[in-house]
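Data block below; observations after.
The values are calculated or read from the model by the stated rules, or taken from the named source; none is laboratory data. Being a predicted model, the structure only gives us computed values, none of them experimental. Just the protein is used for accessible areas: all its heavy atoms, side chains included, with ligands, DNA and RNA removed. Shrake-Rupley method; radii C 1.70, N 1.55, O 1.52, S 1.80 Å.
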Amino acid sequence: MAGQPVSNATVGRAQSGDTLGAERAAPAKLAAQAEEELASKLRERATLTPEFWSFSGRSRREAGHGIFAYPAMMVPQLQGALLEDVQAVDPAISSVIDPFMGSGTVMLESVSRGLSFSGADINPLAVLLATVKSQAYNPEQLSRVRQRIILRITEDSGDKIEVDFHNRDKWFRSDVARDLSRLKRAISAERSKVMRQAFWVAMAETIRLVSNSRTSTVKLHSYPAHEIDARQIDAIETFLRISASQIEQMKDQAEALSEGLRKNPDLRIDCRVGDARSMPAKKDRAAADVLMTSPPYGDNVTTVTYGQHSYLPLQWIDSADVPGMRQELLENTRSIDSISLGGKLKGAVDWADELQVKSSAFAHCFDQLKSHPRNAQSRFVGFVHDLDQALEAITAQLRSNAWMFWTLGERKISGIPVPTVAVVRDLLAFRGARHIETLERKIPGGSKRMAFRNASVETMNTESILVMRGRSYTDLDSRS
Ligand SMILES: C[S@@+](CC[C@H](N)C(=O)[O-])C[C@H]1O[C@@H](n2cnc3c(N)ncnc32)[C@H](O)[C@@H]1O
């Protein structure tokens, strides 16, 4: 499989539609039995290993999961355990979707278990990461390309800085910008796009480490001038170290993907840029069996700024190699975050009436926020409104009786806890979904890369996995 991708272009037909029958038209009793079976499997894990769902101290990022420090990444082992439990209960499942795909944690865990995957994210950098993680790269070929890149850098004594954007000199020292330019030229000269993409990811991680923005937060936050001058950083050295360790990880990644192909030769992977609020509805034959996802905790601007975190790397990577990249996404540091869930607040409070009908948890929290500034109300309502729109579009992607795993975080706005888990549960129940189990996990200190606190918004150190089952479609109300 020399450097061959396993994603969309080269693989066979998806299987999801072929698992039509079994429980789809099955009596409610059968469905309820499977749900009870899954619930008891999940509980049993915690009985055998207390704190199992917290995964404290056991979260390792291997097999490609560690190639870039994307914010708020899921714990791969945890999602893998959930997939194994649902496969045990419903062996016919063959496809998974993740509409908030991020760096592709669910993608790699699904595919390595022989499950086809379809995912999207609004942030093109996330889609580049997931795309690279979906390829079975040949490590020897990667090493040869790396050698060629090193040779080009060594022979390149040019001083030209290849990128120009607002505040470039605030975020990069001139020696660093010159080295990154040599690196950019050396990667761009590589003929294969799939190979270039792998090394753009190594460059993205390099940029995260050598820019003048602190690595301790996902927001752009500059070091003070005296620290910038004193920092011992070398962009080329950093790239060499990161690309070498990336090649090591990609050996395991190729192995995981091959394992998936052995289990399911028709495996299909599709990672693309897309807005979860406007995914086109799927006809039954293409609908997914499992939804496994983790939406943002709240609006990106005040919680986790995925877009801001991606802004500097995206300035340097050739945009033709980044799936779905558009220049306007780099207009300013907030452009991506402002088109993400909860990014638009104007008139948001007007949506409250409609949401109160769908969710009593929403109504209760909105009531509490009434005595707080209007901006706090808008942030809450704007986010839930967008999430609700996304749920409408996402549930139209699922087969009858689909399994759902939602990893959700809670936060506070103006000191008021926002009950995201209860709100999502209500909004899904409104669409006919049934609750199976809610698993709680403590986030071990510092193990998840989040935004730092600000005055009015706080993220919390627990998250929940809401396990639900989508509505059952009978022949009469089938969507096909
Ligand atoms: C919690 S992160 C997902 C992390 C991912 N599970 C991982 O392990 O890397 C949430 C993702 O939702 C994306 N997002 C925000 N608004 C979106 C939208 N409207 N449509 C699709 N993705 C969106 C963000 O860019 C971010 O990558």
> In terms of the Cα gyration tensor, with a ≥ b ≥ c the square roots of its eigenvalues, is the chain rounded because a/c is under 1.5, prolate because a/b exceeds b/c, or oblate?
Replying inline: oblate
> How much of the accessible area of segment 139-246, probe 1.4 Å, is carbon plus sulfur, in whole percent?
Replying inline: 47
>> Just to confirm the number: angle between the C-alpha axis of helix 420-430 and the first principal axis of the chain, 0 to 90 degrees, nearest 10?
In response: 50
> Got a sec? What order do MET195, MET279 fall in by accessible area at 1.4 Å, biggest, i.e. largest, first?
Replying inline: MET279, MET195
>> Just the number please: accessible area per residue for segment 39-186, 1.4 Å probe, all protein chains included, in Å².
In response: 36
> If MET325, MET404 are ordered by their accessible area, calculated over protein heavy atoms with a 1.4 Å probe, which sequence runs from highest to lowest?
Replying inline: MET325, MET404
>> As a quick test, which of the pairs LYS193/LYS251; LYS282/LYS442; LYS170/LYS344; LYS160/LYS346; LYS184/LYS219; LYS251/LYS412 have an alpha carbon distance above 31 angstrom in this structure?
In response: LYS282/LYS442; LYS160/LYS346; LYS251/LYS412
> Tell me which aspartates and glutamates have Cα within less than 13 Å of LYS263's Cα, excluding those fewer than 8 residues away on the same chain?
Replying inline: GLU255
